[in-house]
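No lab work stands behind these numbers, since they all come straight from the coordinates. In this text the structure is predicted, and so the values were computed from the model without any measurement. Note: ideal-geometry Cβ built from the backbone for every residue, glycine included; neighbour counts use all protein chains shown.
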Amino acid sequence: MNLERVVFGFFIILTLSLNAAFVAGGLETVAHHNVWILTVTIIVNLVAIGLKLGDRSQTGALLLAAGLVAGLLLVTARIVWIVADPEGGGGPGPAEMADIVSIATGALVANVIATVILVGDTLLSRR
Amino acid sequence: MTPTSDLDRVTMIVLRYMRRPLFVLLFVYSVGILGMALMPGRIVDGETTRMTLFHAFYFFTYTATTTGFGELPNGFSEEQRLWTIFCLYTGVIAWFYAIGSLIHLVQNPHFIQAMDGFRFARKVKGNAEPFVILCGFGDAGSLLARGLSDHRMRAVILDADPERIKALGVRDYTVPMPGLHADASVPKHLLAAGVEHPACRALVALTNDDDVNVKIAVMARHLNPRLRVICRSTSARHEANLRALDNVTVVDPFEIFAQLVSWAIARPALHNLNAWFVGARGVELGVPVQAPRGNWILCGYGRMGSWIHRHLRAHGLEVRIIDPEVEADQIDEGTLIVRAHADHAALTSAAIEDAAGVIAATSGDGDNLSTLLSVTELNPRAFRIVRQNRHENQVAFDAARADLVLQHSLTTARRILKLLISPLVQSLIDWLADRDPAETRALVVRLKAALGEAPPHLWSVRLLPEEAPAVIDHLAAGKGLALGALCVDARAYPARLPCEALAVHRNGASTMLPASTLSLRAGDEVLFCGTPEAESMLRATLHNPYTLDFVVTGEEAPRGYLFAWLDARRRRGPRPRP
């Protein structure tokens with residue numbers, strides 16, 4: 001067992017799980033989506049990106065790219081949330097909520113790709 | 001005189017053929033159009049109308065081609081109608097004449113050949129993949145083309161026989177193989193076949209005529225001195241000449257055949273290994289043909305027979321010769337010679353009853369097969385080796401159930417294919433031939449242990465930045481790399497992949513059967529034999545720096561900056577207190 005793999009796998013899979021948790025629910029229903037989950041997802045994703053810096057292998061490069069795509073989309077979703085909800089009161093309206101959730105769903109795709117690469121690489125390359 | 005290309009020739013032939021029909025058309029059109037424009041038309045408002053030149057041309061165009069729209073753009077007068085009749089007949093006849101000439105032209109054999117040559121040259125010129133020029137598409141040539149196609153290597157084929165090139169068109173090769181019916185010893189055709197093309201890897205001269213082969217080799221050498229030339233030659237005079245040229249490899253089908261026959265008898269393990277490498281039918285590694293030593297009878301003492309005799313004598317075997325035309329002074333004293341065709345009587349007088357085996361090596365397949373029948377009757381225990389001359393007789397030879405059938409076009413094609421695809425394999429076989437037979441047996445044991453019953457898969461790896469980036473970085477960092485470490489299976493350290501390194505080529509010199517401790521350097525070429533799966537695993541190791549590091553040290557190195565930093569801290573240990 002390799003500690004680095006455990007740590008990196010933990011963060012990658014946690015990002016995916018949190019992302020799915022945020023996206024789940026009705027597309028326009030504000031009550032189904034929690035802004036805290038979105039924020040934590042961004043932080044966990046940034047940690048995963050940081051852990052991949054310095055990897056010289058091909059799969060490492062691909063994982064870094066997938067992480068960057070997910071990060072970009074999640075941060076965009078968070079910014080849309082801030083812009084749509086300036087008072088900090090009742091949250092964004094249904095139209096803005098739909099935008100936020102669809103962007104976060106895009107990030108979910110990137111996270112699924114990263115997880116598939118991670119699992120595939122582990123299964124194929126070693127023991 | 002100015003030089004001409006195939007395109008010039010095509011244009012020239014077309015112009016020459018079409019000149020007269022074009023003139024006829026031009027003349028008929030001119031007369032018809034002028035006449036039509038001059039003919040007085042209907043009288044409208046007391047004035048005679050006439051056709052404009054453009055209308056006349058329009059009218060003539062649809063009349064001469066028998067389209068016939070009617071009287072356009074206005075109704076005709078009687079004079080115009082008279083002229084119309086004239087226009088119709090002359091125009092149609094002129095067109096038929098022109099079309100007939102055109103059809104005649106495309107059937108002209110010179111035109112067809114010039115067009116073929118032009119298309120062929122264009123195809124070769126547009127090809128960017130590496131290819132081989134193959135001159136001569138007989139038995140050996142077509143077998144070689146088949147082998148190249150199996151290895152996805154392109155070939156450009158020249159043969160003087162149009163029938164063979166036509167046959168080429170119906171073969172199902174995996175890669176395009178353009179062919180041209182042309183004399184390959186003419187430099188123009190060699191140029192069209194791409195002798196100066198940057199993607200051309202080699203030229204193989206395989207025609208049945210030695211003089212033509214030498215001519216092709218010499219022409220190719222002059223046209224492109226860097227090009228590798230492989231030349232079939234059976235005459236000693238040409239061979240000496242050709243071997244003096246560098247970059248030219250001489251392949252003598254009779255010598256190769258004789259070498260294989262003598263190995264089958266005297267070096268069965270080596271013969272078996274060689275046959276296994278080239279993928280011969282029904283060959284199993286480590287199960288060589290069991291040819292007895294002792295007295296052998298050689299039927300046929302031509303060019304091939306004399307080579308076989310020489311090789312067998314070199315291996316210390318007793319040989320008796322049956323041949324109707326053999327001269328006694330060609331052969332050393334004490335050899336039993338029977339001057340007859342190899343029939344019952346001749347075999348009996350050559351003491352077939354106590355012979356270990358018979359080699360039927362005449363140039364006639366019928367003679368060889370009938371000799372086999374006689375041998376089976378006179379001494380069923382004798383080992384029977386037979387030479388098959390023509391590929392089309394395969395079925396008869398299969399039915400004859402000889403102990404070993406050798407076909408010289410096939411052995412030649414396989415030898416050339418080895419030289420083209422993996423020259424290190426041939427060097428290895430030659431190296432083993434000069435060594436003690438025990439080394440061959442040891443290699444067979446190693447290969448069997450690594451591969452089991454799997455068929456051989458040969459591949460070579462060059463330690464260059466594009467093929468092995470991880471290895472280049474590893475070596476550039478000053479870390480050593482042993483050959484054995486490369487063959488380690490990263491999934492099951494320290495178990496090894498099912499492959500064996502057969503040779504390492506470095507700076508023009510080869511190390512055969514290198515030790516696993518041999519340290520590799522950038523630029524080395526390593527030949528492996530293993531399974532296709534082992535190749536993909538090994539290639540992954542060459543590309544991934546972490547896998548490479550793992551197979552060398554057995555420890556997994558940290559990947560990201562953070563863990564690398566933590567690892568370095570841990571290695572330094574706790575800081576000593578001041």
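Please report the net charge: other residues with Cβ closer than 12 Å to the Cβ of residue B:504, K and R +1, D and E -1.
Details: positive: B:462, B:506, B:521; negative: B:524, B:525.
Charge balance near residue B:504 sits at +1.
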Estimated inter-spin distance, residue B:222 and residue B:495, nm [label 7 Å along Cα→Cβ]: 6.2 nm
Separation of alpha-carbon centers, region B:12-81 and region B:245-313, rounded to whole Å: 80 Å
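Can you tell me the relative contact order of chain A? Whole percent, Cα pairs under 8 Å, sequence separation 6 or more.
On the way: 138 pairs, mean separation 40.9, N = 127.
With pairs under 8 Å counted, the relative contact order is 32 percent.
Quick one: what do you get for the protein assembly as shown if you divide its Cα Rg by 2.2 N^0.38 Å?
Details: Rg = 39.4 Å, N = 705, 2.2 N^0.38 = 26.6 Å.
Against the compact-globule rule of thumb, the ratio is 1.48.
Calculate the FRET efficiency for residue A:17 and residue A:46 from the Cβ-Cβ distance with a Förster distance of 22 Å, rounded to the nearest 0.05.
Numbers: r = 16 Å, r/R0 = 0.73.
Rounded to the nearest 0.05, the efficiency is 0.85.
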Going residue by residue through region B:162-167, the Karplus relation 6.51 cos²θ - 1.76 cosθ + 1.60 with θ = phi - 60° gives ³J(HN,Hα) values, rounded to whole Hz and with x marking Gly or Pro, of x, 5, 5, 5, 5, 5
Hey, how many Å between the Cα centroid of region B:350-390 and the Cα centroid of region B:145-195? 37 Å
Which three extents, in angstrom, do the Cα atoms of chain A have along their principal axes, listed largest first? 51, 24, 20
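Tell me what chain A gives for mean residue ellipticity at 222 nm when only DSSP H runs of n ≥ 4 count, each as -39,500 (n - 2.57), the sum divided by the residue total, rounded to 500 deg cm²/dmol.
Taking each H run of at least 4 residues, the total per residue is -27500 deg cm²/dmol.
Taking every residue in A:46-57, how many Cβ atoms of other protein chains lie within 10 Å of its Cβ, on average? Intermediate values should be presented prior to the final figure.
Details: counts 0, 1, 0, 0, 3, 5, 4, 4, 8, 8, 7, 7.
Mean shielding by partner chains, rounded to a whole number: 4.
Average partner chain C-beta neighbours within 10 Å, per residue of B:559-571?
On the way: counts 13, 11, 6, 9, 9, 3, 1, 2, 2, 0, 0, 0, 0.
Taking all residues of B:559-571 together, the mean is 4.
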Show that you can apply the helix-only estimate: for chain B, add -39,500 (n - 2.57) for every DSSP H stretch of four or more residues, divide by all residues, and state [θ] at 222 nm to the nearest 500. -15500 deg cm²/dmol
List the lysines whose Cα lies under 22 Å from the Cα of residue B:166, skipping any in the same chain that are fewer than 8 positions away. B:123, B:125, B:188
Which percent, to the nearest 5, of DSSP beta bridges fully inside the protein assembly as shown are antiparallel? 35 percent
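Please list, by residue number, every one of the GluC sites (Glu not before Pro) in region B:276-385 that is coil in DSSP and has at most 10 other beta-carbon atoms within 10 Å.
Working: sites: B:284, B:318, B:325, B:327, B:333, B:353, B:377; in loops: B:284, B:325, B:327, B:333.
Passing both the DSSP loop test and the Cβ count: B:325, B:327, B:333.
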Along Cα→Cβ, 7 Å out, is where each label goes; now give me the distance between the ones at residue B:466 and residue A:122 in nm to one decimal. 3.7 nm
Quick one: Karplus J couplings for region B:267-273, per residue in order, coefficients 6.51, -1.76, 1.60, θ = phi - 60°, nearest Hz, x for Gly and Pro? 10, x, 5, 5, 4, 5, 5
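Can you give the local net charge around residue B:342? Use residues other than it whose beta-carbon is closer than 9 angstrom to its beta-carbon, Lys and Arg +1, Asp and Glu -1. List each step's numbers first, then the result.
Details: positive: none; negative: B:323, B:343, B:367.
Residues near residue B:342 contribute -3 overall.
I'd like the FRET efficiency for residue A:3 and residue B:173, computed as 1/(1 + (r/R0)^6) with the beta carbon distance as r and R0 of 56 Å, rounded to 0.05. If you can, show how the numbers build up before the last one.
Working: r = 54 Å, r/R0 = 0.97.
The value I calculate is 0.55.
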Nearest-0.05 FRET efficiency for residue A:68 and residue B:289 at R0 = 56 Å, using Cβ-Cβ distance, is 0.30
Which whole-angstrom value gives the distance between the alpha carbon centres of region B:516-578 and region A:1-76? 29 Å
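If we count every other residue with Cβ under 12 angstrom of residue B:194's Cβ, Lys/Arg +1 and Asp/Glu -1, where does the sum land? Provide the component values of the computation, followed by the final result.
Details: positive: B:122, B:123, B:125, B:154, B:201; negative: B:129, B:196.
Charge balance near residue B:194 sits at +3.
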